[in-house]
Each structure stands twice: as structure tokens, then as C-alpha cells.
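*Asks:* First, the structure itself, so that you have it in front of you.
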Amino acid sequence: MKTLIETIVTPLVDYPEDISVTRSEEERKIVYHLTVNDKDVGKVIGKNGRVAKAIRTIIYASKTDTNNKRIYLDIM
């Protein structure tokens, strides 16, 4: 999943070397924290959050976990 997030976000940003994806797991959910350069945050979020919503839709649709945990994506 981390690779998928990086693959989606890399073409959108001007500073791909600053992309960082970390994972934290809790009892009922898995949270991926996406961090990009401050100058690229607007590009990843998009106008009215449309790009972020599209990224989240792809992530949620490609869920491969079998332990029924929800997946969340936080953009920082």
C-alpha cells in the first residue's frame, strides 16, 4: 500500500524526494500518514480536496487486508 501511495503522488509533486509515507496500526484501523514538501501540499490536496478524495478512493478500493481493518490516509 505504501508503494501505491508513493506511485500515485510522485507525478503530482515538484519535490518527489520529500515524499514520506508512514504506517500506524490500531485495533480497528490502519492509518497511512503522507508527508510532502510544504510547497506541494496544495497540489496533493487539490481544489476543494478533489485530488485528495481521488487518492483516498483508490487506496480504499485497493484494500488488500483480510483482517477487516479500515484504511485511512492522512495528508500532512
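*Asks:* What is the helix-to-structure angle for 50-61, meaning the angle in degrees between its Cα long axis and the longest Cα principal axis of the chain, kept from 0 to 90 and rounded to the nearest 10?
*Replies:* Taking the Cα atoms of the chain, the angle to 50-61 is about 30 degrees.
*Asks:* Mind counting lysine pairs for me in the chain? Cα separation below 18 Å, and the two need to be 8 or more apart along the chain or on different chains.
*Replies:* So the count works out to 9.
*Asks:* Please compute the modelled spin-label separation between Thr3 and His33, points set 7 Å along Cα→Cβ, answer in nm with one decimal.
*Replies:* Taking the simple label geometry, His33 and Thr3 are separated by 2.4 nm.
*Asks:* Please get the size of the charge dipole for the chain, origin at its Cα centre, with Cβ charges of +1 on Lys and Arg and -1 on Asp and Glu, quoted in debye to the nearest 20.
*Replies:* On the way: 13 positive and 11 negative charges, 97 e Å.
My answer is approximately 460 debye.
*Asks:* How large is the Kirkwood hydrodynamic radius of the chain, in angstrom, based on all distinct alpha carbon pairs? Can you show the working numbers first?
*Replies:* Details: mean 1/r = 0.0787 Å⁻¹.
Final number for the Kirkwood radius of the chain is 12.7 Å.
*Asks:* When DSSP beta bridges are limited to those with both residues in the chain, what percentage is antiparallel, rounded to the nearest 5?
*Replies:* Antiparallel bridges make up about 50 percent of those DSSP assigns within the chain.
*Asks:* In percent, what relative contact order does the range 2-75 have, based on Cα pairs under 8 Å that are 6 or more apart in sequence?
*Replies:* Rounded, it is 33 percent for the range 2-75.
Read-outs throughout are calculated quantities, based only on the coordinates presented, and are distinct from any laboratory measurement. In this text the structure is predicted, and so the values were computed from the model without any measurement. Using ideal geometry, Cβ is built from the backbone for each residue, glycine included, and neighbour counts are taken over all protein chains shown.
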